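Structure first, then comments.
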Amino acid sequence: MSIALNHTIVESRDPDAGAAFLTEVLGLPAPTHFGPFTVVEVAHGTSLDYMTVDEPHPQHYAFLVPDEEFGVITERLRARGTPTFADPMHRRPGHNTNDGGQGTYFDSPEGHNLEILTRPYGSGG
């Protein structure tokens, strides 16, 4: 049997704004709604279901993106004035070249530590 992640819940003070930020930056289809959730669909039938909470607990969400999309996404972030960092602690501005790919970290409106990367960790030999 194959096991795959189906969905995860993303805490947000404003689920519509948080989901819109993610879809706009990553170039994904507009969010939809299901019950109390604002839903962002990503690959392989997986979704991030944004839920209203008073005090979101910051989490880390990493997205594997195609090489050709990395620059497009970082340009969207730059246009928004969203700082990007080469490390998860946000100490070095810019991006990294881990495993022969590219990666960068940035904050979502609700304070989640988001990451885009073009190669899975450990894949560069």
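Worth a mention:
- Phe34-Leu5 FRET efficiency (beta carbon distance; Förster radius 25 Å; 0.05 resolution): 0.90
- Spatial separation of Cα centroids for the range 36-55 and the range 60-91, in angstrom: 20
- Within the shell defined by Cβ-Cβ distances under 12 Å, the residues around Ala86 carry a net charge of 0, with Lys and Arg each +1 and Asp and Glu each -1.
- Over the Cα atoms of the chain, the radius of gyration divided by the Kirkwood radius equals 0.96; this is the Rg/Rh ratio.
- For the range 8-53, alpha-carbon Rg and Dmax in angstrom: 9.4, 27
- Note on the chain: helix-only mean residue ellipticity at 222 nm, from DSSP H runs of 4+ residues weighted -39500 (n - 2.57) and normalised by residue number, equals -6500 deg cm²/dmol.
- Here the contact order of the chain, divided by its residue count and restricted to Cα pairs under 8 Å and six or more residues apart, works out to 23 percent.
- Segment Glu41..Asp87, full-extension length gain: 14.0 nm, with 0.36 nm per residue of separation and the alpha-carbon distance subtracted.
None of the figures in this text is laboratory data; all of them are computed from the coordinates on show. Source: prediction; values computed, not measured. Because the Cβ atoms are built from the backbone with ideal geometry, glycine has one as well, and the counts that use them run over all protein chains shown.
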